[in-house]
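The values are calculated or read from the model by the stated rules, or taken from the named source; none is laboratory data. No experiment lies behind these values; they were computed from the predicted model shown. So basically every Cβ, Gly included, is an ideal-geometry build from the backbone, and we count neighbours across all protein chains shown.
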Amino acid sequence: DVLINQIAAGEVVDRPASVVKELVENALDAGAGRVDIDLEEGGTRLIRIRDDGLGIEPDEVPLAVRRHATSKIASLDDLEGVATLGFRGEALPSIASVSRFALVSRTREAAHATAIEVDGGLVGELAPRAHPHGTTVEVRDLFYNVPARRKFLKAERTELSHIEDWLRQLALARPDVELRVSHNGKPSRRWKGERDLLSGERLHEALGPDFVRHSLRVEQGDVGDGRGLRLHGWIAEPSYNRASTDQQFLFVNGRAVRDRSVAHAVRQAYADVLFHGRHPAYVLFLSLDPRRVDVNVHPAKHEVRFRDGRLIYDFVYRTLQGVLAETRAG
Ligand code: ADP
Ligand code: MG
């Protein structure tokens, strides 16, 4: 079983940033309003994620670290409509099989918290522990028992920047959640909770004042064909130059994804106006009926597959073309 988990870990976890992603997504699935992220040595030495979410029932704590014991998917129907970020019940057992892992959790009803440790996949005994409501997961020495993978970890700065890149995406996707980050014992970033991105502070922090100054508002609602399509966010004016794709953020139903087709639709809309940049900058949120998009293409869920790819393409292209055309007219 340890071996199976280690093999699965190969798909779920490739570096500290993917561990942070899985653990923080669990915290969000548990309804956390605040998540603390403590890192040491770019996450290779320590990743500690603490949340104020629902917590885990004492008798379910051992299940949380067992493979597929907690899968939220009861049928294929569920798989299509899945709203939570996690649903395979694979992340914790995988991560725990390639690290020194500890989980402490407490529900509102429980008199105290329950702790469990897993060392390289070997599950220890449950123990009572003092801990506020919510969950803390600690991952130390990632890949310590898989030298071939440990070898591929990059320098502290590189691993840290992968984590920060992902947290920036999250900060945009979930302005309502407060995030506190520390690295090597020093507070490094604090994203205060905001009701929505409109208040601007997070957008400002994540993309910088120049982007905000040169951005155009996008808001296109349901196209009225029953598919519930909506596109909103910000795109940069055509004069805002960008040498790389570092300011391209696309969220589909709240998840950060990379999608070539949508990226192409955006580029195409810019191609129709006088565009000076090499790469457009944007923060776009596309929402649609979850049954019309397959998030299950890749375990790390960076990619999605649309049922109506052509419709989505046209919708994005026409919406942005409209916004950009207005700048030319005005
Ligand atoms: P899943 O794919 O279900 O997210 P995980 O392996 O990531 O699988 O987590 C296993 C289970 O452990 C989750 O389904 C959830 O019930 C529980 N769990 C994990 N992390 C947390 C957390 N931070 N708060 C509450 N429950 C959690
Ligand atoms: Mg999960």
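Table for the structure above
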| quantity | calculated |
| --- | --- |
| Strands (runs of 3 or more DSSP E) fully within region 131-230 counting 1 or more residues that are assigned by TED's automatic domain parsing to the domain that holds Ala17 and surrounded by fewer than 16 Cβ atoms within 10 Å (Cβ to Cβ) | 186-191 |
| Verdict on Gly277 being at pLDDT below 90 and either under 18 Å from the mean Cα position of the chain (by Cα) or aliphatic (A, V, I, L, M) (or both) | no |
| Members of region 47-57 found to be out of contact with any Leu (no Cβ under 7 Å at 6 or more places or on another chain) and either part of a helix (DSSP H, G or I) or crowded, with 20+ Cβ neighbours inside 10 Å (or both), listed by number | Arg50, Asp51, Gly53, Gly55, Ile56 |
| Candidate set from region 1-17 (those that are over 22 Å from Ser182 (Cα atoms) and either β-branched (Val, Ile, Thr) or within 12 Å of ligand 2 (Cβ to nearest atom) (or both)); member that is surrounded by the most Cβ atoms within 10 Å (Cβ to Cβ) | Val12 |
| Odd one out for Leu288, checked against (1) over 22 Å from Leu207 (Cβ atoms); (2) at pLDDT below 95; (3) exposed (fewer than 15 other Cβ atoms within 10 Å of the Cβ) | (3) |
| Test for Arg267: is it over 14 Å from Tyr313 (Cα atoms), surrounded by fewer than 18 Cβ atoms within 10 Å (Cβ to Cβ) and among the charged types (D, E, K, R) | no |
| Single unsatisfied condition, Gly42 versus (1) modelled with pLDDT under 80; (2) more than 14 Å from ligand 2 (Cβ to nearest atom) | (1) |
| Unique match (being under 22 Å from Gly10 (Cα atoms), more than 18 Å from the chain's Cα centre (by Cα) and without any contact (Cβ under 8 Å) to a residue 40 or more places away in the chain) among Pro187, Pro147 | Pro147 |
| Identity of the residue in region 18-46, crowded, with 22+ Cβ neighbours inside 10 Å and away from ligand 1 (no atom under 13 Å from the Cβ), that ends up farthest from Arg190 (Cα to Cα) | Thr44 |
| Qualifying positions in region 133-173 - under 15 Å from Ile37 (Cβ atoms) and among the small types (Gly, Ala, Ser) | Gly134, Ser161, Ala171 |
